[in-house]
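Novice: Before anything else, here's the structure in question.
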């Protein structure tokens, strides 16, 4: 039982043991002190008894020795030896034998010894009779006291033991069980159950005074209430802190750039999600050292120097620098660094903006500005350049007519005509690429345009290149037929150049493609819908991935200098995207190239497209009067010579105002008016309007090297019969004139 109590109540057991030990030590100390005092008292009593011998026995003994009464001496000495604690008495006188009673205790610390001189005074003269030695011991007293003290001490210890046992059980009964109840209460106390009060199972008298347990219970209940209040306040503070942290973390992680905070020890204390994503770092890898490893040596020195300058004197600093991610990709950042002193500690807060997209936009803006400049230049010179080409075309046509059967001269003139035609196509590509031409889109059947282009290609491709076509779609698209024709011809021509040296197969296929969900092609997203998929594929030399990435860039070409302009595929890309379509490319070196176009289907009835009749070898002329208006003398001369050669009567004017005055005088004398669009004073469309106001039935044809404002359709809506883009081919031009005159 005692062992069980000891294990269950170790502290109480230790207290009881300590009390018992302390009480025992006190009992031993007090018993020892009492023994010592008693011993000293008894020792003093022995000394007093020895000293009393002088008064009680010494005079009688001196008289007996003087009278030499040995019997009396022995009796008296024997009486002295019987005094308690006296162990030795010796009387020595003269030369006689000493009288001895008892045994001496030589060198005994417990012995007390007295020596008395025996002297007799007779008639005023002292006589020495001898000495008496008396020795007593305290051993008996010591033994007696020790026996008594042992009994007393044993009795006290036994009393203390039972007293401590009583105190132990009394403590268990009155105090410790309540302490255990308090302990159980505090151990089971939880944050969610602080409303439960502590109450001890005690029998109290009414009106009784409170004791220590009551005060403990009261203190614990008060503490419980304070904890309730404190926990509620802490919960509120924690909730506010969590909201603030969530708010700040959301803001920090929502920043479009990287953010990191460095302390004075150059440790990265905090960073946002973008910091990890941009640099491809895990949280275990993020440290100041690994961050510095992402800089080149020059950039690292620049960054460290900026930090030192910022810590020394600045409040903020801006730095444009490149940082590499885990894969080695160098990302340009604009770092905005700010110094923050908080509680005598310095922090550097840095926000970095990724400049990659900005640089791309800047590059695109520069490219757009360049294209705008090219467009402006192209629009500015197109009219004059096409006028020059018109003269070249015209005089070449006239020279061919004069050359007759001279084959060699005909060949030279044909070469000149082809060169002029290439120049014309180049100007058209520049105008198309710079968006300076206005397309006329309407519903058309794409398969007809593709088949017409392939028909023209058959006669120009060498026999080493075969054409395979699989056109399974007759869907309609909204498009400009000229532009779509240009796309097909450009892509097929590129395929021809890729197979020119080794030969191969040019495959053209077309089918319907339904896209049910957004798809990504070449960085562009194709919206869901129904598309016509046009694939133009060759088995030529193919291209590398680096080349494939650049093929749609303006002026990029893999052809030898002088053999390519670098505008063909850029124009193709512009036309396709201008028609709300998409284009992608698959190619491998040595395995050929495939261009895949997606053009949205239009569920409308296609317009009628009549194939052009091949030009007639000989043109029918006439005798009608034609008014020519152009500010270019060479063009006037060419048109005049050409029309006169075919029998027409020609009136030429270099000024639109002069032409109008001449027309106003006799409008019925003119059968047809051919006018340039861009001229000093009045433009061609104004001149035509004024003439039509005078004579509504007068046929007017507009010609222009380049028109910024009006298209062919808009000229016809004004009342013009037709519109020709310079330079003008002689045969279709003459054919159209004859057709208009015949219709009246």
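The values are calculated or read from the model by the stated rules, or taken from the named source; none is laboratory data. Only a predicted model underlies this, so the values are computations on that prediction, with no experimental measurement involved. We place every Cβ from the backbone using ideal geometry, glycine too, and count neighbours over all the protein chains shown.
Novice: For residue 473, indicate whether it is out of contact with any strand residue (DSSP E or B) (no Cβ under 9 Å at 6 or more places or on another chain) and either touching a residue at least 24 places away in the same chain (Cβ under 8 Å) or exposed (fewer than 13 other Cβ atoms within 10 Å of the Cβ) (or both). It would help to see each step written out before you state the result.
Specialist: Details: out of contact with any strand residue (DSSP E or B) (no Cβ under 9 Å at 6 or more places or on another chain): no; either touching a residue at least 24 places away in the same chain (Cβ under 8 Å) or exposed (fewer than 13 other Cβ atoms within 10 Å of the Cβ) (or both): yes.
No: the conditions fail for residue 473.
Novice: What tally of residues in the stretch 477-505 results from selecting those that are assigned to a strand (DSSP E or B) and crowded, with 19+ Cβ neighbours inside 10 Å? I'd like the intermediate steps shown before the answer.
Specialist: Within the stretch 477-505, the subset assigned to a strand (DSSP E or B) is 477-479, 504-505.
Subsequent filtering for residues that are crowded, with 19+ Cβ neighbours inside 10 Å retains 477, 479, 504.
Residues flagged as assigned to a strand (DSSP E or B) and crowded, with 19+ Cβ neighbours inside 10 Å within the stretch 477-505 amount to 3.
Novice: Please go through (1) buried (at least 17 other Cβ atoms within 10 Å of the Cβ); (2) part of a helix (DSSP H, G or I); (3) out of contact with any strand residue (DSSP E or B) (no Cβ under 9 Å at 6 or more places or on another chain) for residue 727 and return the number of the only condition it doesn't satisfy.
Specialist: Of (1) buried (at least 17 other Cβ atoms within 10 Å of the Cβ); (2) part of a helix (DSSP H, G or I); (3) out of contact with any strand residue (DSSP E or B) (no Cβ under 9 Å at 6 or more places or on another chain), only one is false for residue 727: (2).
Novice: Another question, then. Could you tell me whether the stretch 267-283 includes any residue that is in contact with a helix residue (DSSP H, G or I) (Cβ under 6 Å, 6 or more places away or on another chain), surrounded by 16 or more Cβ atoms within 10 Å (Cβ to Cβ) and in a strand (DSSP E or B)?
Specialist: For the stretch 267-283, residues in contact with a helix residue (DSSP H, G or I) (Cβ under 6 Å, 6 or more places away or on another chain), surrounded by 16 or more Cβ atoms within 10 Å (Cβ to Cβ) and in a strand (DSSP E or B): present.
Novice: Now a separate question. Does residue 581 satisfy the condition of being surrounded by 12 or more Cβ atoms within 10 Å (Cβ to Cβ), modelled with pLDDT of 85 or more and in contact with a strand residue (DSSP E or B) (Cβ under 8 Å, 6 or more places away or on another chain)? Steps first, answer last, please.
Specialist: Working: surrounded by 12 or more Cβ atoms within 10 Å (Cβ to Cβ): yes; modelled with pLDDT of 85 or more: yes; in contact with a strand residue (DSSP E or B) (Cβ under 8 Å, 6 or more places away or on another chain): yes.
Yes: the conditions hold for residue 581.
Novice: When you scan the stretch 60-161 for strands (runs of 3 or more DSSP E) that lie fully inside it, which ones turn up with 1 or more residues that are out of contact with any helix residue (DSSP H, G or I) (no Cβ under 7 Å at 6 or more places or on another chain) and within 17 Å of residue 49 (Cα to Cα)? Explain how you work it out, then say what you get.
Specialist: Numbers: elements: 86-93, 99-102, 111-122, 125-137.
Output list reads 86-93, 111-122, 125-137.
Novice: Scan the stretch 452-470 residue by residue and report those that are touching a strand residue (DSSP E or B) at 6+ places or on another chain (Cβ under 8 Å) and assigned to a helix (DSSP H, G or I).
Specialist: Restricting attention to the stretch 452-470, the residues satisfying the condition of being touching a strand residue (DSSP E or B) at 6+ places or on another chain (Cβ under 8 Å) are 454, 457-458, 461, 464-470.
Passing the criteria: 454, 457, 458.
Novice: Residue 701 passes all but one of (1) touching a residue at least 24 places away in the same chain (Cβ under 8 Å); (2) assigned to a helix (DSSP H, G or I); (3) closer than 18 Å to residue 660 by Cβ; which number fails?
Specialist: Of everything listed in (1) touching a residue at least 24 places away in the same chain (Cβ under 8 Å); (2) assigned to a helix (DSSP H, G or I); (3) closer than 18 Å to residue 660 by Cβ, residue 701 misses just condition (2).
Novice: Can you tell me which residues in the stretch 592-621 are on the phi < 0 side of the Ramachandran plot and at pLDDT 85 or above?
Specialist: Looking only at the stretch 592-621, we keep the residues that are on the phi < 0 side of the Ramachandran plot, and these are 593-621.
Those that are on the phi < 0 side of the Ramachandran plot and at pLDDT 85 or above: 593, 594, 595, 596, 597, 598, 599, 600, 601.
Novice: What is the one condition in (1) farther than 22 Å from residue 622 by Cα; (2) part of a strand (DSSP E or B) that residue 661 does not satisfy?
Specialist: Going through the list (1) farther than 22 Å from residue 622 by Cα; (2) part of a strand (DSSP E or B), residue 661 breaks only (2).
Residues checked against (1) touching a strand residue (DSSP E or B) at 6+ places or on another chain (Cβ under 7 Å); (2) loosely packed, with under 11 Cβ neighbours inside 10 Å; (3) outside the structural domain of residue 282 (by TED's automatic domain parsing); (4) at pLDDT 75 or above:
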| residue | (1), (2), (3), (4) |
| --- | --- |
| 301 | no, no, no, yes |
| 315 | yes, yes, no, no |
| 320 | yes, no, no, yes |
| 323 | yes, no, no, yes |
| 330 | yes, no, no, yes |
| 333 | yes, no, no, yes |
| 344 | no, yes, no, yes |
| 350 | yes, no, no, yes |
| 371 | no, no, yes, no |
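Novice: Let me ask something else about it. Tell me whether the stretch 549-569 contains one or more residues that are buried (at least 16 other Cβ atoms within 10 Å of the Cβ), assigned to a helix (DSSP H, G or I), modelled with pLDDT under 85 and within 60 Å of the chain's Cα centre (by Cα).
Specialist: Yes; the residues of the stretch 549-569 include at least one that is buried (at least 16 other Cβ atoms within 10 Å of the Cβ), assigned to a helix (DSSP H, G or I), modelled with pLDDT under 85 and within 60 Å of the chain's Cα centre (by Cα).
Novice: Filter the stretch 425-451 for residues that are modelled with pLDDT under 70 and part of a helix (DSSP H, G or I) and give the result.
Specialist: The initial filter retains those residues of the stretch 425-451 that are modelled with pLDDT under 70, namely 425-440.
Scanning the stretch 425-451 gives 425, 426, 427, 428, 429, 430, 431, 432, 433.
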